[in-house]
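Below: the structure, in structure tokens.
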Amino acid sequence: MIVLQHAKDYDEMSKIAYQAIREILINKPDAVLGLATGSTPIGLYKEMIKDYEAGNVSYKNMVSINLDEYVGLPVEHPESYRSFMNRNLFDHIDIDKNNTHVPNGLADDVDQACADYTAFAKAHPIDVQILGIGGNGHIGFNEPGTAFSSNTHKVELKENTRKDNARFFDNDLSKVPTHAITLGLQDIMGAKLIVLLASGAGKAKAIKEMVLGPVTPDCPASILQTHPNVIVIADEAASYYIKG
Ligand code: F6R
């Protein structure tokens, strides 16, 4: 079931999101966090850092599992999702980096790396999964058409997803990786609580289809309608078609 919360803007979305997960962070010191990259969760991560710095929460015994990683991008590349996570969250809290997991986009045996990642996620059930959403309804890098039964797998990124992400690569599409490894839809659905954030007009159509549309692989996020515990926090622009 999806519970929709409206936020005025990006900042309010980030604050509401933090309040939605704060109790878990405080009451479960060994929580397993499912984390996302991209522009959307950065404000939430800032809230997490602020509260950590205030001494209210410790990540020392927590485990994190990130959704995805580009294939072929060196880990040190500033736009690898490993670098993103270090820069925007891990370097600023007391999480043990050995307990932070991002798919290995450089694995020689990608199939094995994917199978291992799903096995790890099964062994460490995610307490709270943070999600953004693509303008085409993707979650993680599960692009339209992905089977609902999917586990961690290698994907070819859609042209519009690569265009959306070109802003992180000097607006040069040729620099945007063509493939990624992503946690599958079934893995994501294993999370106990899912908190999906959306900001901006570019997400409005996807949010409408996710919440009101048919449950179909054409809109991968629509699978969330069948999950028991989903909170969607959308700002005014992102919830344009589903106001009130
Ligand atoms: C990121 C991820 C993607 C993004 C989505 C939205 O780990 O899995 O699904 O959440 O592409 O990206 P932003 O937040 O940059 O609009």
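Just so you know, all these numbers are worked out from the coordinates, no wet-lab data involved. If you're wondering where the values come from, they're calculated on a predicted model, not measured in any experiment. A quick note on method: Cβ atoms are made from the backbone with ideal geometry, for glycine too, and the neighbour counts reach across all protein chains shown.
Here are the numbers:
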read-out: Calculated P(r) tail over 15 Å for region 1-50, as whole % of Cα pairs; value: 51
read-out: Spherically averaged projected area in nm², based on the convex hull that wraps the Cα atoms of the chain; value: 11.9
read-out: Positive dipole terminus of the chain, leading residue within 233, 39, 186 (C-beta point charges); value: 233
read-out: Qualifying aspartates and glutamates (Cα of each under 16 Å from Cα of residue 158; at least 8 residues distant if same chain); value: 68, 69, 143, 172, 218
read-out: Computed [θ] at 222 nm, deg cm²/dmol, the chain (DSSP H ≥ 4; -39,500 (n - 2.57); rounded to nearest 500); value: -9000 deg cm²/dmol
read-out: Cα-based reach from residue 8 at 20 Å (exclusive), listing aspartates and glutamates while leaving out same-chain residues under 8 positions away; value: 47, 235, 236
read-out: Two-site FRET efficiency, residue 216 against residue 115, from Cβ-Cβ distance with R₀ of 22 Å, rounded to 0.05; value: 0.25
read-out: Set of lysines with alpha-carbon distance to residue 46 below 17 Å, sequence-local pairs under 8 removed; value: 15
read-out: Calculated over region 112-238: convex hull of Cα atoms, volume per residue (Å³); value: 104
read-out: Loop GluC sites (Glu not before Pro), region 9-115 (other Cβ atoms within 10 Å of the site Cβ: 12 or fewer; DSSP); value: 76
read-out: Pairwise centroid distance, computed over Cα atoms, of region 103-166 with region 202-235, Å; value: 17
read-out: Additional length obtainable on full extension of the chain from residue 158 to residue 173, 0.36 nm per residue less Cα span; value: 4.2 nm
read-out: Sites residue 77 and residue 50 - FRET efficiency at Förster radius 22 Å, r taken between beta-carbons, to 0.05; value: 0.20
read-out: Inter-label distance for residue 148 and residue 86, nm, one decimal - labels placed 7 Å from Cα along Cα-to-Cβ; value: 3.9
read-out: Violating pairs (Cα-Cα greater than 25 angstrom) within the set 28/203; 163/192; 28/192; value: 28/203; 163/192
read-out: Separation of the residue 229 and residue 97 label points, Cα + 7 Å toward Cβ, nm; value: 3.2
